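Bear in mind that the values in this text are calculations on the coordinates, not laboratory data. In this text the structure is predicted, and so the values were computed from the model without any measurement. Ideal geometry is used to build each Cβ from the backbone, glycine not excepted, and the neighbour counts take in all protein chains shown.
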Amino acid sequence: MFEELQIKGVYTYFKHNAWIKSTSKKTIKVYSPNDFKLAGEIQAVTKEEADEVIRNCSWAQQSWNSLPIQERASYLYKTADLAEKNYTFIAQILMKENGKSLLDAEDEVLRSAALLRQTAEEGLRLREELLRGDAFPQFRRGKLALVRRVPFGVVLAIAPFNYPINLAVSKIAPALITGNTVVVKAPTQGAISLLHFVELFRMAGLPPGVLNVITGSGSEIGDYLVQHNGVHMIAFTGSTKVGKRISQLAGINPLLLELGGKDAAIVLEDADLDLTVKEITAGAFSYAGQRCTAIKRVFVLDSIADRFAQKLVTAVEHLRVGSGEDTVVCPLISKEAGNYIQELVDDANKHGAKQILCKFRNNNLWSPVIFDHVNEQCRILWEEQFGPVLPIMRVKTAEEAIALTNRSEYGLAACVFTKDIEKALKIADQLDVGTVQINGKSARGPDHFPFPCIKSSGLGTQGIKYSIEAMTRIKNVVLNLH
């Protein structure tokens, strides 16, 4: 079924519904973080080939947009059906390529199928507005405004390594249902599993040129794509450093950016500690903390800090570390990622933090690390670790926790744990982040919830309805009835 994607382990890129080898004759090797064995090779697409992809994509956009929205939705439904039939096969590729557990990989594919279906349904609910001119003083009755949402044209979707399928689909689906065509820049680590998922769109009968995938090194082709005059909108998920560069290069093109995070958990004196520990454990250590919405620091009130730290260590010690079906703490994506964690761990030890849990490190595989008594001099309190390391800082008041949370350059999300909902809501009002979870871990979903990104965490709001709005612009047609 997926035979056309690769020749002897070398994967092709996707242009105009065909799987193509690059004329560069260069490939990029992708190694599994589990065992460093070769997972496959992907094409290093040239700038000239990217030009051709974007031209084809632009050519296809007008005819795609002219289709009835029900017909566009039908392709999303068909692809979702195919994803549900093939999810285990694709998940096994994702597990090998990105180090996820099989359960997490399967969840990503199935969640992407659900996202396709829900986006199609939301797209069918798009409504136009009719405004009367005489609702404004001194204007006559015969002037009517038909306010519509129309596509931008060609959307460049750039997906990250940690959720290469889901975070690509979260861009592809709203773009397609609204009449845009899409060029996906696949992450190097994650491209193979994403290419398999994109094959499902072809199998569903999606017209040629509507969806395309370019592979290659971001450092070589990324800037070129972002600045391309054939691209009309950019949706990116990735690091803050790269996101800021995109915003500098994109000119006046509209952007939807989901960048880094430093999500804080604030634990108050009346918190249910068993619930709190359960949520923080999952929020900090699932997929080895390689999520923008992972809980990356904890501010806990002094009076309960000892009990909280003890309960947390007991819970985290039971997490399964390694690779496999039900692993929680998996290998980091690369040895370099492991080395960065080592830097932060060494710095925390240097500045007097107390390391209360860390059993071993083996290259890019870390067992969970917990620091207590972290202070403001520790880099781990401010820098996004993207790994299974959790710093705990003891505070005297909730106000101190709020101030420390807001001092971060990031503004993605935060959590508040307390039995006093009125107090939680007051704290939520004071936190300078896009989303506040009360008595729950920070998370991106459900996918129909708004997911706003502020400060160095990004630009714009995602979530099915909100992504549809972000992928369209308003067009106003005024009727003058005489």
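Miscellaneous remarks
- The residues packed around residue 167, meaning those with a beta-carbon under 10 Å from its beta-carbon, carry a net charge of 0 if Lys and Arg are +1 and Asp and Glu are -1.
- Rounded to the nearest 20 debye, dipole of the chain from Cβ charges on Lys, Arg, Asp, Glu: 1180
- Where only C-alpha atoms are counted, convex hull volume of the chain per residue in Å³: 155
- Projected onto planes of every orientation and averaged, the convex hull of the alpha-carbon atoms in region 263-447 covers 9.9 nm².
- Extended-chain gain in nm, criterion 0.36 nm per residue less alpha-carbon gap, residue 482 and residue 426: 14.7 nm
- Share of pairwise Cα separations in region 1-97, more than 19 Å, in percent: 59
- Mean-position separation - Cα centroids, region 342-407 and region 105-134, in angstrom: 39
- Which listed pairs, of 244/350; 25/262; 278/423; 441/465; 359/419; 171/262, have C-alpha distances above 29 Å, in listed order: 244/350; 25/262; 359/419
- Across region 263-447, C-alpha contacts under 8 Å between residues 6 or more apart give a mean separation that, scaled by the residue count, equals a relative contact order of 30 percent.
- The ranking of 420, 263 from fewest to most other beta carbons within 10 Å of each one's beta carbon is 420, 263.
- Within region 370-436, the GluC sites (Glu not before Pro) that combine a DSSP coil assignment with at most 13 other C-beta atoms in a 10 angstrom radius are 376, 409.
- Sites listed here are chymotrypsin sites (Phe, Trp or Tyr not before Pro) in region 155-208 whose DSSP assignment is loop and whose Cβ has at most 12 other Cβ atoms within 10 Å, and the list is empty.
- P(r) tail for region 271-352: Cα pairs beyond 22 Å make up 33% of the total.
- The chain - mean residue ellipticity at 222 nm from DSSP helices (-39,500 (n - 2.57) per run, n ≥ 4, rounded to 500): -12500 deg cm²/dmol
- Of all DSSP-defined beta bridges confined to the chain, some 45% are antiparallel rather than parallel.
- Kirkwood Rh in Å, taken over all unlike Cα pairs in region 191-337: 19.1
- Near residue 437, the amide H atoms lying under 5 Å from its own belong to 414, 415, 416; only residues 5 or more places off or on other chains count, and H is placed 1.01 Å from N.
- For the chain, relative contact order (Cα pairs under 8 Å, six or more residues apart, normalised by length) works out to 17 percent.
- Centre-to-centre, using Cα atoms only, region 260-336 and region 415-482 are separated by 24 Å.
- Note on 19, 382: ascending count of other Cβ atoms within 10 Å places them as 382, 19, the fewest first.
- Placing pseudo-labels 7 Å out from each Cα toward the beta carbon at residue 67 and residue 350 gives an inter-label distance of 5.6 nm.
- Taking 0.36 nm per residue of separation and subtracting the Cα-Cα distance, full extension of the segment from residue 377 to residue 317 would add 18.9 nm.
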